[in-house]
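The values are calculated or read from the model by the stated rules, or taken from the named source; none is laboratory data. Just so we're clear, the structure is a prediction, and the values are computed from it rather than from any experiment. All Cβ positions, glycine included, derive from the backbone under ideal geometry; neighbour counts span all protein chains shown.
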Amino acid sequence: MTLFAFLILFAAVVIGYILNLRAARAIRAGGTKLHSLDGFHGGFSALVTLVPTFFFIILWLMLQGTVIESMIKAGLPDGTLDGLGTGQVQLIMSEIRSIAGGRIFGTPEDWKLEAAERLVSLRSTSSLLLVVLTIALTAGLILLTRKTVRAEFRARQGVERIVLGLMVGCATVAIFVTIGIVGSLVFETYRFFEMVPFTDFLFGTSWEPQIPLREDQIAAKGAFGMLPVFLGTMVIATVAMVIAVPIGLFSAIYLHEFASPKIRAVIKPVLEILAGVPTVVYGFFAILVIAPAIRSFGTDLGLPIAPNTALAAGLVMGIMLVPFISSFADDALAAVPRSLRDGSLALGATQAETISKVLFPAAIPGIVGGILLAVSRAIGETMIVVMAAGLIAKMTINPLDSVTTVTVQIVTLLIGDTAFDSPKTLAAFALGMVLFVMTLIINIFALRIVRKYREIYD
Amino acid sequence: MTDQTSSGSFDWTGPEFTARLNKRKRSQIALKLAGLTAITIAFGMLFLLVASLISTGRHAFTQTFVQIEVFLDPAHIDSDEPNRGNYRQILTDTMVKLFPDVVDDRAELRKLTSMLSNGAQFSIRDSVVADPALIGQTVAVRVPVSDPYDQLNKGLIDRETPEANRRLKDDEIANFDLLKELGMVSKPLNRWLITNADSRFPELAGLKGAIIGSFYALMTCFLLSFPIGIGAAIYLEEFAPKNRVSDLIEININNLAAVPSVVFGLLALAVFLGWFGMPRSAPFVGGMTLALMTLPTIIIATRAALKAVPPSIREAALGVGASKHQVVFGHVLPLAMPGILTGTIIGLAQALGETAPLLLIGMNAFITSAPATPFDSSTALPTQIFIWADSPERGFVSRTSAAILVLLTFLIFMNAIAIFLRNKFERKW
């Protein structure tokens, strides 16, 4: 039925376009001069029909589920849902839904069957209503726009205004996404802090997000101190940067200064491949090759290395970040005016001296900006650490040990079924908030450095 | 005139100078070597990555089958209800016929039947359901062997390992070798890797559900992010007045491009699933989430492509009386299209490999059938890789690598299209 509504809309758009086009042609054939081209009259009708009806259908589809659900809930026998938690209510609703879908397990109570029947009938009413309203709306809009076809009507301006409005709408989507991110994070984090004190979260040194299965369990009370998680993130990010910065910088210097254009044309794309490999692949690479290699190396040296050592995750993450840093450094070196480089070489400096004493200092802001962006990526990187790093939060800075990170905790807390009223789920949002704020600050800072530096030479 | 040069005060051929010159040359060489080493390390890692994936993944592209003669005993199958027959018993009987000396020992019997994949009984059932006339006949069927034997046949289980540490004991290996000597074992190409959906048993698990799920998600992502991205980019590049609002939007887009992907997952979980009540694990919701992440990439690429169209085109069009909109939609946008498409495909390729946000909206569920619509529960290629990488069975290691190779093939294909578009259509003015 939904598809049917969209088909009606499509047909209405075509009909409106043709009607207005013909009307405009008829006027023109009568010898009158029109303000706008015929196509604009047609397009005006098409757009005026399309835009409101399309949003009407989308809105209807988005809201019908919630509205029908609340109607079902209201129609249940009095007192059925009294004193039940949200989880139990959801369970009942999904049972009613599956009965309505024809999947009956066991012998459900009569009121459930009744509710399911009502659900089916409400659903069909809703989609019927949607089709009827779509027809009415499109017909009305077609008639309305058909009347506008006159010689002096400025159809082109009308079309352009609508298109401009749509484009402004598209541009603000980005803002709505940001509002959505900040809004959802703040909202859920606020609810988290209603259950767990703010200071416990920020300064607590123990992270044990298990919640008790029974009321009388003592062992797992749950502790939400983010410091060890944060520390683990830093350990892995540091390992990654120790790998990525020298390799990235030196390869950028080589590419920029020593490589011939031909070699450069081969090496650069190959390095870019490293950046294009999905992170889940790196994660698997870390557990398949790197972690066993590090372990056997450590055993040879007699070092105690944890199976999911921070070293493996950090090392692979570092490899992933190499092209990122090298391309930023390459851009920064290329942005230094040629005159500086030529001047240094003309004075008799070697290429190495030119780089280390002239180009590098001039490019340092751009390079630092790139490194900062890489740090923010290392902090926010998820799949490598989810697969290769540990789950248990420890207060340690030993990279041979197993540590956990903010992103690992977010994913492990939210995998599986999630209820939005347990501190365990909400803790993930609080960690997400920390992650978002941290990366945002680093990004803004880095982008500012990069931009400010570019202005000097442009 | 040349008397004033400093060569008088410094000996340009003396040992002190030569030493200094050599030192400078050495540092030059050192820097060059450092650069070469760095590139070698990066290349070496890439090589190691690809090599390890191919060497483990290639095993999953074949599958060991065994050809057996199955007597479809009417005692175990009711011809009225062929899908409820006891096919396990039929297979056991078949194995007993092959190894007549183990009839009584239950443990031995179980060992024998465990040689065949758990899916064997279902594939026989399906062929009987399709043609009930087969009941009572003896049919030759090729059934997959279970994972340990598959590993053995591919040489992944070392026969030299002490028996206690080996997954297959000596007698089990002997049984298998007997079948092999009889010429009943074959190792054809593993179609199931592509045509089957996920399964608990590695020998039956395939990527069909994941590929279709990824396709739906990517389509949704494209349909949402492409028009919205182009609209936003055209507005910002061609129409937006230079004021604080458009500055704000611009800063916003740049920052969104750098937000960690897992945060988009949190957004999708809280807003799409939590507030709007959309279904969990649905590729449609995954596609919406990916669209939010792809949007900044497409906007940035589109703006660059629009900027590259020379002003002379615009001025010529304006000069002959086109309106601003006609200039943009009739001239600038078509000329910028190759660049926009290139950026879009690269953005979609990124979205295809994105895992974390899909995990948070539950696209890592265990689902044994391919989704029929974008609203059904499903996995996606990267989440399937994650699930398989987490599975303890040995057979999933090679399957994970194979799945990664499939994913990388798609990515290479998409990037190749992007490069082709760029080289073929992009104009330099």
Quiz item: Does B:ARG125 fit the bill of being free of Cβ contacts under 8 Å to residues at least 60 places away in the same chain, of a type outside the set (Phe, Trp, Tyr) and surrounded by fewer than 17 Cβ atoms within 10 Å (Cβ to Cβ)?
Solution: no
Self-check item: Enumeration of residues in segment B:372-390 that are away from chain A (no Cβ under 12 Å), in contact with a helix residue (DSSP H, G or I) (Cβ under 6 Å, 6 or more places away or on another chain) and either aliphatic (A, V, I, L, M) or surrounded by fewer than 24 Cβ atoms within 10 Å (Cβ to Cβ) (or both)
Solution: B:PRO374
Quiz prompt | Matching residues in segment B:249-279 - criterion: being farther than 30 Å from A:MET93 by Cβ, within 7 Å of chain A (Cβ to nearest Cβ) and assigned to a helix (DSSP H, G or I) | solution = B:ILE249, B:ASN252, B:ILE253, B:ASN254, B:ASN255, B:LEU256, B:SER261
Quiz item: In segment B:234-285, which residues are among the acidic types (Asp, Glu) and either surrounded by 15 or more Cβ atoms within 10 Å (Cβ to Cβ) or modelled with pLDDT of 90 or more (or both)?
Solution: B:GLU237, B:GLU238, B:GLU250
Quiz item: Residues of segment A:10-37 being within 16 Å of A:ARG154 (Cβ to Cβ), part of a helix (DSSP H, G or I) and in contact with a helix residue (DSSP H, G or I) (Cβ under 6 Å, 6 or more places away or on another chain), which ones?
Solution: A:ASN20, A:ALA24
Quiz prompt | Flag for B:PRO132 being over 30 Å from B:ALA351 (Cα atoms), in contact (Cβ under 8 Å) with a residue 40 or more places away in the chain and outside the structural domain of B:GLY353 (by TED's automatic domain parsing) | solution = yes
Quiz item: Do we have any residue at all in segment A:325-340 that's within 12 Å of chain B (Cβ to nearest Cβ), assigned to a helix (DSSP H, G or I) and surrounded by fewer than 17 Cβ atoms within 10 Å (Cβ to Cβ)?
Solution: no
Quiz item: Quick one: would you say A:SER98 is part of a helix (DSSP H, G or I) and closer than 30 Å to A:ALA11 by Cβ?
Solution: no
Self-check item: Complete set of residues in segment B:47-79 that are among the polar types (S, T, N, Q) and either surrounded by fewer than 15 Cβ atoms within 10 Å (Cβ to Cβ) or in contact with a Cys (Cβ under 6 Å, 6 or more places away or on another chain) (or both)
Solution: B:SER55, B:GLN67, B:SER79
Exercise. For segment A:287-306, name all the residues that are within 13 Å of chain B (Cβ to nearest Cβ) and crowded, with 20+ Cβ neighbours inside 10 Å.
Key: A:ILE287, A:LEU288, A:ILE290, A:ALA291
Practice problem: Could you please give the count of residues in segment B:166-193 that are surrounded by 14 or more Cβ atoms within 10 Å (Cβ to Cβ), among the hydrophobic types (A, V, I, L, M, F, W, C) and out of contact with any Pro (no Cβ under 6 Å at 6 or more places or on another chain)? | Solution: 7
Quiz prompt | Residue tally, condition out of contact with any Lys or Arg (no Cβ under 7 Å at 6 or more places or on another chain), in contact (Cβ under 8 Å) with a residue 12 or more places away in the chain and within 8 Å of chain A (Cβ to nearest Cβ), over segment B:231-248 | solution = 3
Practice problem: Tell me which residues, restricted to segment A:351-409, are within 14 Å of chain B (Cβ to nearest Cβ), part of a loop (DSSP other than H, G, I, E, B) and acidic (Asp, Glu). | Solution: A:GLU381
Quiz item: Is it true that B:GLY206 is assigned to a loop (DSSP other than H, G, I, E, B), within 29 Å of B:PHE386 (Cβ to Cβ) and not aliphatic (A, V, I, L, M)?
Solution: yes
Practice problem: Hey, can you tell me all the residues within segment B:188-199 that are part of a loop (DSSP other than H, G, I, E, B) and either modelled with pLDDT under 85 or under 18 Å from the mean Cα position of the chain (by Cα) (or both)? | Solution: B:ASN190, B:ARG191, B:ASN196, B:ALA197, B:ASP198, B:SER199
Quiz item: With (1) crowded, with 24+ Cβ neighbours inside 10 Å; (2) assigned to a helix (DSSP H, G or I); (3) in contact with a Gly (Cβ under 7 Å, 6 or more places away or on another chain) as the list, and B:ARG399 as the residue in question, which single condition is left unmet?
Solution: (3)
Quiz item: Quick one: is B:THR289 within 21 Å of B:CYS221 (Cβ to Cβ), within 11 Å of chain A (Cβ to nearest Cβ), crowded, with 23+ Cβ neighbours inside 10 Å and within 27 Å of the chain's Cα centre (by Cα)?
Solution: yes
Quiz item: Of all residues in segment B:362-371, which are surrounded by fewer than 23 Cβ atoms within 10 Å (Cβ to Cβ) and facing another protein chain (nearest Cβ under 10 Å)?
Solution: B:ASN364, B:ALA365
Quiz item: So is B:ALA305 crowded, with 23+ Cβ neighbours inside 10 Å, assigned to a helix (DSSP H, G or I) and in contact with a Pro (Cβ under 8 Å, 6 or more places away or on another chain) or not?
Solution: yes
Quiz item: Out of all the residues in segment A:256-286, which are outside any helix (DSSP H, G or I), surrounded by 14 or more Cβ atoms within 10 Å (Cβ to Cβ) and either modelled with pLDDT of 95 or more or not hydrophobic (A, V, I, L, M, F, W, C) (or both)?
Solution: A:PRO278
Quiz item: Tell me, which helices (runs of 4 or more DSSP H) wholly within segment B:1-113 include 3 or more residues that are more than 14 Å from chain A (Cβ to nearest Cβ) and at pLDDT 80 or above?
Solution: B:15-57, B:87-98
